[in-house]
Amino acid sequence: MSTNDHDERTRERDSQATFGEYGGQYVPEALMPAVQELEDAYERYVLENEDGFMDEFRDRMRDFGGRPTPLQRAERLSERYDREIYLKREDLVHGGAHKLNNALGQVLLAKYMGKERIIAETGAGQHGTATAMAAAHLDMPCEIYMGRTDINRQRPNVYRMRMNGAEVNPVTAGSGTLKEAINETMRDWATTVERTHYVIGSVVGPHPFPKLVRDFQSVISQEARKQIQEKAGRLPDSVVACAGGGSNTMGTFHEFVPDEDVDLYAVEAGGSSLEIDEENALAPNSATLSTGTDGVLHGAMTKLLQSADGQIMESHSVSAGLDYAGVGPELSYLVDTGRVTPASVDDEAALNGFHRLSRLEGIIPALESSHALGYLEENYEDLGEVVVVNVSGRGDKDLETVLEETEKRDLEAAPEVEVFDR
Amino acid sequence: MTSEDRRPAGGEPRETRTGSDGGKRPVSADYDSDVEAAIRKNHPALITYLAVGDPSIEETKAYVEALDRGGSDLIELGLPFSEPIAEGPTIQASINRALEAGTTSEAFFELVEDLETDATLLVMTYYNKILQYGDEPDVGPFVKRAAKVGLSGIIVPDLPAEEADPLREACDEHGLDLIFIIAPTTEGERLETIMSQVSGFAYVQARLGTTGARGDVSSATHDSLARLSDYEVPKAVGFGVSEGDHAAEIVEAGADGVIVGSALVDIVAESDDPAAALEAKAEELKRGAVRGSETVTNDTEDAPEPEQP
């Protein structure tokens, strides 16, 4: 915002709904009562543990979700970088990613709120599969909106959602990816709002979603902060996580935010280049925190990849889960205040990170998480003695993409080409 | 936080307005604004919508003038945004065609400046388009330019009253109405608060969901108009209105105006002679609205309940 008095007014209006000048509730009037109902439910069940909601959430995350996940000292990486590297193993959560933390929390909350139907958007299919699992587990009908392009490139995830009983609705508008899927889910919600809960997949959207999703995901940093003190006897010098919409990022950072000596690095997808094509509204990257400008998308004021005329750009990343033109408003705020350092690595560095962790540690990471590992390789000297890296998900879903992308390139960390004979 | 804290601040009543020439002038003693006057004087008012730039700026000019000739009292000009979350498939497709044709905010304003219509002109767009018009994210430059080119009001489907203070202040400063949408889910204290701040008219959303032509008038329309009957402000109903008979039924149920968009956008996309077809459609809708108001006037006090679909 360009005027200070607007900032003051915004904060005065409701400090709960905003992070500095970011956040808010920019949604159609028809959705406001539902958003306010959700605020009320968030305060009662999540913040005040009414009816033992948070206890039930933690129990289910333990028995169904497989929490807590380990914080593992990575021996070969520690040797390679000559410092202590710890991996937070969110790839071991049921479903193979941190996504279940949020999906299970929200589907359970919908049940407590008396909602009868679950809808969600999905990009690559990770949030969709997590929501479908959680809905099956809690016996709720579930519909997932997914872009046509994403459906074509993520077939196995479409089958997984259907196996769990979810309906998958193709979205043909625009480029048929995450942004369009969110638009369409919001349209469904605006029609069915009285009995439907929208399980948004990241720390984005109107208040209270950014806080709600962050709180469900912050189980990552609650565990990691305790575990690192047990294992290393101290807090880390830095914490590194990839950032798309930012749910694993905020989950990994949240408990460390007050620890001012712990540096926080949000690693975005640099794609093929940080340059943008203004004329065609294309960004060959998803580096919103590093290069975006302030605007309103999907219910919140935040940093965006947009043209000078205010149209949202088509973003790009080799990793579908990071491919989004917006980012959570709290991350925009933490970057502006200097608490979080935005960074980016390109597709190639991420692919090398993928191969390196697979070979050195026997862990196949998601391409999203591989961006954090790519950053570690390029910048380990700046990260101090003890480093925590979040492995937000496992990479089984990405094997097809990695094979294709590796064949196109000469990657230093990739195995011999024969491995890829198909 | 309680709902008390969330109440949008009420705007002070205006004593002067800034005209499109930039000069201050007193508001007509009878009406709060040009927009309200356009509805009251032309009661029952026809409000029509087109997405600007579909298929080109030049053609939009011809189509808007056709709607004006056909009897539109107010015309909503859609400034296309890439993420139109409140629109159904028809208007989404129209917005996409407009964006593919390269429609910018500047081209939009130049078109409005060129238009020769009797109808009062409004702009309908999403909040980010308003924020990004100047060099910095700020609503001021957009509103200033809108007033200068002769627009009388702004409708922003993704801006609820809670977030509207900056835009409302800019609109007050430049003499524009900021028109709020009343949804079927807007009830109780929230409804009262929003109705107390109505500027121009209350845009009554006929049904939950997105814009799009429908085959009937929803029961939610009748419910909403009944709920709003105690409020003096002008009420116009949109979302799903496509035929003269709908217009008649809606006016009969107590509306002061009807808003039609998707049915007109369909004509732009499909007709061999869109200008003629738009003019004819506007005439049909206006006739329907007038028929509805005659029923209201002629009926005795115990008018029959409108038929529920």
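Here are a few things to note about the model shown:
- All helices (runs of 4 or more DSSP H) inside region A:141-255 with 2 or more residues being touching an Asp or Glu at 6+ places or on another chain (Cβ under 9 Å), within 25 Å of B:ASN96 (Cβ to Cβ) and not assigned by TED's automatic domain parsing to the domain that holds A:GLU56: none
- Taken over region A:265-283, the criterion of being surrounded by fewer than 21 Cβ atoms within 10 Å (Cβ to Cβ) and part of a strand (DSSP E or B) is satisfied by A:ASP277, A:LEU282.
- Entry remark, region A:152-164: residues being surrounded by fewer than 21 Cβ atoms within 10 Å (Cβ to Cβ) and among the hydrophobic types (A, V, I, L, M, F, W, C) number 1 in total.
- The C-beta contact set for region A:225-253 (first residue at positive phi, second residue buried (at least 24 other Cβ atoms within 10 Å of the Cβ), distance under 8 angstrom, 6+ apart or interchain) comprises A:GLY246/A:SER202; A:GLY246/A:VAL203; A:GLY246/A:VAL204; A:GLY246/A:ALA266; A:GLY246/A:VAL327; A:GLY246/A:GLY328; A:GLY246/A:GLU330; A:GLY246/A:LEU331.
- Residues that are surrounded by 24 or more Cβ atoms within 10 Å (Cβ to Cβ), β-branched (Val, Ile, Thr) and free of Cβ contacts under 8 Å to residues at least 60 places away in the same chain, drawn from region B:27-67: B:VAL52, B:THR60, B:VAL64
- A:VAL257 being under 23 Å from A:THR288 (Cβ atoms), out of contact with any Leu (no Cβ under 6 Å at 6 or more places or on another chain) and surrounded by fewer than 20 Cβ atoms within 10 Å (Cβ to Cβ): yes
- Residue check, A:GLN126 closer than 16 Å to A:PRO365 by Cα, within 23 Å of the chain's Cα centre (by Cα) and assigned by TED's automatic domain parsing to the domain that holds A:ARG187: yes
- Take the conditions (1) more than 14 Å from chain B (Cβ to nearest Cβ); (2) open to solvent by less than 10 Å² (accessible area, probe 1.4 Å); (3) in contact (Cβ under 8 Å) with a residue 60 or more places away in the chain; (4) hydroxyl-bearing (Ser, Thr, Tyr); A:SER286 misses just one of them, which is (3).
- Consider region B:186-200 and keep the residues that are without any contact (Cβ under 8 Å) to a residue 60 or more places away in the chain and within 11 Å of another protein chain (Cβ to nearest Cβ). The one that is most open to solvent (accessible area, probe 1.4 Å) is B:GLU187.
- Lone qualifier among A:ALA224, A:ALA232 - being away from chain B (no Cβ under 11 Å), more than 30 Å from B:GLU100 (Cα to Cα) and crowded, with 20+ Cβ neighbours inside 10 Å: A:ALA224
- Every condition in (1) away from every other protein chain (no Cβ under 13 Å); (2) out of contact with any Leu (no Cβ under 8 Å at 6 or more places or on another chain) holds for A:VAL203 except the one numbered (2).
- Checked against (1) within 12 Å of chain A (Cβ to nearest Cβ); (2) surrounded by fewer than 24 Cβ atoms within 10 Å (Cβ to Cβ), B:HIS174 passes all but condition (1).
- A:THR302 meets the stated requirement of being in contact (Cβ under 8 Å) with a residue 40 or more places away in the chain, open to solvent by less than 10 Å² (accessible area, probe 1.4 Å), within 14 Å of chain B (Cβ to nearest Cβ) and within 16 Å of the chain's Cα centre (by Cα).
- Region A:165-179: number of residues that are surrounded by fewer than 24 Cβ atoms within 10 Å (Cβ to Cβ) and either within 9 Å of another protein chain (Cβ to nearest Cβ) or in contact with a Phe, Trp or Tyr (Cβ under 7 Å, 6 or more places away or on another chain) (or both): 3
- Against the test of being within 14 Å of chain A (Cβ to nearest Cβ), aliphatic (A, V, I, L, M), open to solvent by less than 10 Å² (accessible area, probe 1.4 Å) and over 20 Å from A:GLU194 (Cα atoms), the options B:ALA255, B:ALA164, B:ALA247, B:ALA183 yield a single qualifying residue, B:ALA164.
- Number of the exception - A:THR191 against (1) at pLDDT 95 or above; (2) surrounded by fewer than 19 Cβ atoms within 10 Å (Cβ to Cβ): (1)
- Residues in region A:357-375 that are of a type in the set (A, V, I, L, M, F, W, C) and over 25 Å from A:LEU100 (Cβ atoms): A:LEU360 alone.
- Residues in region A:98-120 that are of a type outside the set (Val, Ile, Thr), open to solvent by less than 10 Å² (accessible area, probe 1.4 Å) and part of a strand (DSSP E or B): A:ALA120 only.
- Scanning region A:194-210 for residues that are surrounded by fewer than 23 Cβ atoms within 10 Å (Cβ to Cβ) and either basic (Lys, Arg) or touching a Lys or Arg at 6+ places or on another chain (Cβ under 6 Å) (or both) yields A:ARG195, A:THR196.
- Any hit, region B:68-89, residues being open to solvent by 40 Å² or more (accessible area, probe 1.4 Å), assigned to a helix (DSSP H, G or I) and modelled with pLDDT under 95: yes
- Extreme residue, surrounded by the most Cβ atoms within 10 Å (Cβ to Cβ), among residues of region B:90-108 that are over 17 Å from B:ALA213 (Cα atoms) and away from chain A (no Cβ under 12 Å): B:ARG97
The values are calculated or read from the model by the stated rules, or taken from the named source; none is laboratory data. Worth saying up front: this structure is predicted, and the values here are computed from it rather than measured. Glycine also receives a Cβ, built like all others from the backbone with ideal geometry; neighbour counts cover every protein chain displayed. In case anyone asks, the SASA skips ligands and DNA or RNA and just uses the protein heavy atoms, side chains included. Shrake-Rupley method; radii C 1.70, N 1.55, O 1.52, S 1.80 Å.
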